[in-house]
Structures are given as C-alpha cells and as structure tokens.
Amino acid sequence: MRYTISGKQIDIGESLQSHVQGELSAVLEKYAGRPTDAQVVFSRNAHEYVCEATVHLSTGLTCQAKSHATEIYASFDKTLEKMDKQLRRYKRRLKDHHRARGEPVELSGASSYILASEAADASEEPETLQPIIVAEMETKIPELSVGEAVMQMELAGAPVLVFRNENKDGLNVVYRREDGNIGWIDP
C-alpha cells in the first residue's frame, strides 16, 4: 500500500508519519481487504489542527474522513476513529463487494465545472443569464449498483453521488435528503 502523508504549511515529523502508517494500516487490514493508497493531509486552522484522510480501495471505492483538534495527534486519532466507524458499518458489504466484483469499478470521464456565485449586490440585474465558469475539471463517474452507490456516498461523506447504474444504461443520482433518508433519481 502506498501512503502519502503531508502537511499544508506545517512540518510533519518522522514520528507522526510512522504513527499514521501504523495506526491506519491496522484499521485498514481489519476491515478493507485490499487498499491501494492512502492520503493523509494535515493543516492548521487558527488554533486547531485539521486532518483529512482519503483511502482508495482496489475496487474503486473511496473512504474519506476529516476532523480537527487542538493537537495534531488528536486530530489524526479522531479522523481514524471516524474512518474506523465508516468501515465497520460497511464491513460485510465491503467484503461481499470484493468477492462479487472480480474487476475494479469501471470509471468514465466527464467534465465538471465550478460556476461563479450570484453577484454580491443582488439588486442589480445580471447582464446575461449564462453563468460565469470559474474552473473546468475532469471528474470520474463510477459504474455501480444502487447499493454500492449509497455505500460509496456514505464512505466518502458526500451529500450527493452521480453514478452510472450497472443494471441499466443510464446516469443515476443518490443524495442525502434533509429528513436523513437517501434519495435516488433514476431517469
């Protein structure tokens, strides 16, 4: 497994790196059979340290967690606790997912855009109804079942996930509703 442990404008010592590798590998071996790489980024926000961890599994699923604390080790421990809880919740399904799926999740490319928000002075009428594109990026759309898509959305901590339904040839969306349930759009 490949580890990338870095800090945004803070120094990450050897002791912290070995702590992160040891603890993270113990949790991943317990729940996720074949992780391919892990990225852990530490940053500072005022007086708190922020730790963001992303683990990519060999099947194409991704697990993410983020937390903050006044000490750098505590921020990592909280992040690891969140990731442990997510993986524990989906342990059986992850194991079944590995067995049932012989090949990794197929990904197709798509364009992703960031649009400028509305003008600060809302009383002015916009010159055009076309939004201003701030950035254009490439994104990947996975081919999953609905259950796998819900699991991927939960593991990634995302509010919405666009995926290609492997049972039908079309794009689908799963999202977290305000009432706590999961919504599924199947056009």
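The values are calculated or read from the model by the stated rules, or taken from the named source; none is laboratory data. None of the values given here were measured: they were computed from a predicted structure. Here the Cβ positions follow ideal geometry from the backbone for every residue, glycine too, while neighbour counts run over all protein chains shown.
So which residues in the stretch 163-187 are β-branched (Val, Ile, Thr) and in contact (Cβ under 8 Å) with a residue 24 or more places away in the chain?
Result: 174, 182.
For residue 50, indicate whether it is on the phi < 0 side of the Ramachandran plot, part of a strand (DSSP E or B) and either in contact with an Asp or Glu (Cβ under 7 Å, 6 or more places away or on another chain) or modelled with pLDDT of 85 or more (or both).
So residue 50 passes the test.
Here's the yes/no breakdown for (1) more than 27 Å from residue 143 (Cα to Cα); (2) surrounded by 15 or more Cβ atoms within 10 Å (Cβ to Cβ); (3) touching a Leu at 6+ places or on another chain (Cβ under 8 Å); (4) assigned by TED's automatic domain parsing to the domain that holds residue 147:
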| site | (1), (2), (3), (4) |
| --- | --- |
| 12 | yes, yes, no, no |
| 22 | yes, no, no, no |
| 38 | no, yes, yes, no |
| 48 | yes, yes, no, no |
| 52 | no, yes, no, no |
| 64 | no, yes, yes, no |
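For the stretch 1-46, which positions are modelled with pLDDT of 85 or more, of a type in the set (Gly, Ala, Ser) and within 15 Å of residue 84 (Cα to Cα)?
Within the stretch 1-46, 22, 25, 26, 38 qualify.
What about residue 73, is it in contact (Cβ under 8 Å) with a residue 40 or more places away in the chain, on the phi < 0 side of the Ramachandran plot, of a type outside the set (Asp, Glu) and surrounded by fewer than 16 Cβ atoms within 10 Å (Cβ to Cβ)?
When the stated conditions are applied, residue 73 passes them.
How many of the residues making up the stretch 57-80 are part of a helix (DSSP H, G or I) and in contact with a helix residue (DSSP H, G or I) (Cβ under 9 Å, 6 or more places away or on another chain)?
Here is the first cut: in the stretch 57-80, the residues part of a helix (DSSP H, G or I) are 72-80.
In the following step, the residues that additionally are in contact with a helix residue (DSSP H, G or I) (Cβ under 9 Å, 6 or more places away or on another chain) were identified as 72-73, 76-77, 80.
The total comes to 5.
Kindly indicate whether any position in the stretch 131-138 is under 18 Å from the mean Cα position of the chain (by Cα), at pLDDT 80 or above and exposed (fewer than 10 other Cβ atoms within 10 Å of the Cβ).
Yes: the stretch 131-138 contains one or more residues that are under 18 Å from the mean Cα position of the chain (by Cα), at pLDDT 80 or above and exposed (fewer than 10 other Cβ atoms within 10 Å of the Cβ).
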